[in-house]
1. Which order do THR79, THR193, THR138 fall in if you start with the one that has the fewest other Cβ atoms within 10 Å?
2. Which residues among region 169-194 fall inside the zone where the amide N is under 15 Å from a point 7 Å beyond the Cα of LYS228, along Cα→Cβ?
3. Sort VAL41, VAL311, VAL256 so the one with the fewest other Cβ atoms within 10 Å of its own Cβ comes first.
4. Structure shown: which of LYS332/LYS414; LYS13/LYS33; LYS11/LYS265; LYS370/LYS419 lie over 22 Å apart, alpha-carbon to alpha-carbon?
5. How many angstrom lie between the Cα centre of region 1-80 and the Cα centre of region 302-317?
6. Going 7 Å from the Cα of LEU109 along its beta-carbon direction, which residues of region 308-348 have the amide nitrogen within less than 17 Å of the resulting point?
7. I need ASP421, ASP385 ordered by Cβ neighbour count within 10 Å, fewest first.
8. Using the Cα centre of the chain as origin and beta-carbon charges of +1 (Lys, Arg) and -1 (Asp, Glu), tell me which of LEU39, SER157, GLY241 is placed farthest towards the positive end of the dipole.
Amino acid sequence: MPNKSPTVFSKEKQHTLELAQQYLIPGRVEALKNFGIPLVVGRREGYYLWDQDGRQLMDFHLNGGVFNIGHRHPMALATLQNALSNLDIGNHHFPSTVRAELAEKLAKLSPGYLHYTVFTSSGSEANDVAIKSARYATGRRKIVAIDAAYHGRTGLSGAAGDDAVARYFHSDEPADFIKVPFNDLAAMEEALTNSDVAAVLMETIPATYGFPVPDKDYLPDVKALCKKYGSLYIADEVQTGLGRTGHLWGVDCWSVEPDIMVVGKGLSGGLYPISAAILSKDVGSWLTDNPWGHVSTFGGAELGCPVASLVLDLCSSQETLDNVNRIASFLKEGLSDIQSRHSYLCDIRQQGLVIGLQFDHPNGGIHMSKALFDHGIWAIFAGFDSSLIQFKPGLLVDQDYCALALERFEKAIKVAENKIDTSPTISINPDV
Ligand SMILES: Cc1ncc(COP(=O)(O)O)c(C=O)c1O
C-alpha cells in the first residue's frame with residue numbers, strides 16, 4: 001500500500017508550491033491544500049504519475065482523457081521525436097501535408113457526413129469555431145446548451161457552458177445562450193420551437209456534471225428536434241470521443257450523426273496540444289466563401305499532426321475498442337461488488353470507460369478524491385456536483401491494473417464513508 005500523502009513536503013515540492021502560490025494559481029494552491037490534495041506532478045509514465053515527493057499514484061483522471069493512451073506512450077514519443085527532426089509549427093496560411101492528411105483521416109473516421117476540419121490548440125477554441133460556423137451556416141445567433149455543461153472558458157464556449165463562471169467575468173450572454181436541463185426533451189423542444197436557434201451544443205455525456213448517462217432516446221430525439229426546427233447539432237466529444245465509450249465516438253453509442261463534432265484533449269497523445277472542429281460540407285461552406293474567416297497561428301501545428309494521426313490509429317483499432325469493453329465489464333462488476341458492501345457508493349454511472357461515481361454525502365466526491373489520493377489513486381471530483389467523482393481509467397489498461405485499483409478503492413471508501421462533515425456543500429464554481 002502506498003504511503004499516505006505526507007503533510008511535510010520535500011524542499012523541491014515546497015519550492016514549487018510557493019512559486020505557484022506567488023505567481024501562478026494562488027487560490028487553487030490554497031484550495032487543493034484544504035482538500036488535502038497538494039499534488040505536484042513529477043515523474044509520469046504509462047498510467048502512473050508520481051507526486052514530486054516520490055509517491056506513486058494510479059492516474060484515473062488522465063486530465064479528462066488527455067492521457068487516454070497513457071503518459072509518454074513510447075510510440076507517441078517516437079513519432080514526436082521523428083517530427084522534430086524535420087518539422088516545426090509550420091505556417092498556418094498555407095497547405096501542409098501532415099495537416100491535410102490528418103484532416104482526411106478525421107473525415108474518414110468521423111460519423112455521418114462530417115467533412116472539413118478546422119484545427120485549434122484547445123477544445124474551447126474548437127467550440128468557438130463550432131458556434132461561429134453554426135451561426136454562419138444558419139444565419140441565426142442563438143445557441144441552446146445544457147445548464148450543467150462545460151465547453152471551455154473562452155468567450156463563446158464559456159457563454160455556452162454553466163452560467164456561473166461566464167457571469168463572474170461579465171461574459172455571459174443570456175439572450176443568445178439558452179440553457180436547458182439535461183435529459184429534458186420537453187425543455188429542449190420549447191427552446192427550439194421558434195426556429196431561431198443556430199445550434200444545440202451537447203456534451204455527449206456531461207463530464208463536469210459527473211457523467212450522467214443520457215436516457216436511451218434522448219440524444220437521437222434532440223437530433224430529430226434539431227432537424228425539425230432547422231437547428232444544427234454540435235457534439236462536444238472532447239471527453240467522450242476517441243474510444244472511451246467502447247465506440248470511437250460517444251455519439252456512435254446512440255447512432256447520432258452530428259453536423260459539427262468537437263474533439264480535443266486525447267487527440268494530443270498527451271504530448272502536443274491539438275484540437276479540432278469537424279464540420280459537414282454545408283456547415284463548412286465559409287471555408288470556401290471566406291478563406292481567412294478563421295485563422296489560428298498554432299491551430300494544427302505541424303509537430304502535433306503525426307502524433308494525432310497515431311492517436312486516431314490507436315483509438316480506432318478493434319484491439320483498443322475490445323480492451324475498453326473488456327475493462328469496462330470488469331470494472332462494472334468490481335464496482336457493483338464494492339457497492340453491495342458499501343451503500344456510501346450510491347450510484348454508478350457508466351458508458352464504457354466513461355464512469356461517474358456518486359457518494360451518499362453532498363461533499364462525498366471531494367472526500368473520496370482525498371481518500372483515494374491517500375490510497376494511491378488520483379481521480380478528480382466533479383466540478384458541478386461535489387457528491388461525485390469522475391473515474392477514468394486509460395484505454396489501454398489491463399485487468400491487473402484495475403484489480404489493484406479496485407482493492408485500493410475499497411480501502412479508500414472505508415475511510416471516506418466514516419468521515420463526519422457538517423460543513424456546507426463545497427463548490428469549486430464561484431456562483432454569483
Ligand atoms: C467536454 C469539454 N469540452 C471542452 C473543453 C475545453 O477544452 P480545453 O481545456 O482544451 O479548452 C473541456 C475541457 O475540460 C471539456 O471537458
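Quick note: the coordinates plus some simple rules give every number you see, no bench work behind them. None of these values were measured; they are calculated from a predicted model. Neighbour counts run over all protein chains shown; Cβ positions are idealised from the backbone, glycine included.
1. Ranking THR79, THR193, THR138 by Cβ neighbours within 10 Å, fewest first, gives THR193, THR138, THR79.
2. So the set is 184-194.
3. Numbers: VAL41 15, VAL311 27, VAL256 24.
With the sparsest Cβ surroundings first, the list reads VAL41, VAL256, VAL311.
4. Values: LYS332/LYS414 19 Å; LYS13/LYS33 13 Å; LYS11/LYS265 32 Å; LYS370/LYS419 11 Å.
Check vs 22 Å cut-off fails for LYS11/LYS265.
5. Rounded to whole Å, the Cα centres lie 25 Å apart.
6. 308-325
7. Going from sparsest to densest Cβ surroundings: ASP421, ASP385.
8. Of the listed residues, the answer is LEU39.
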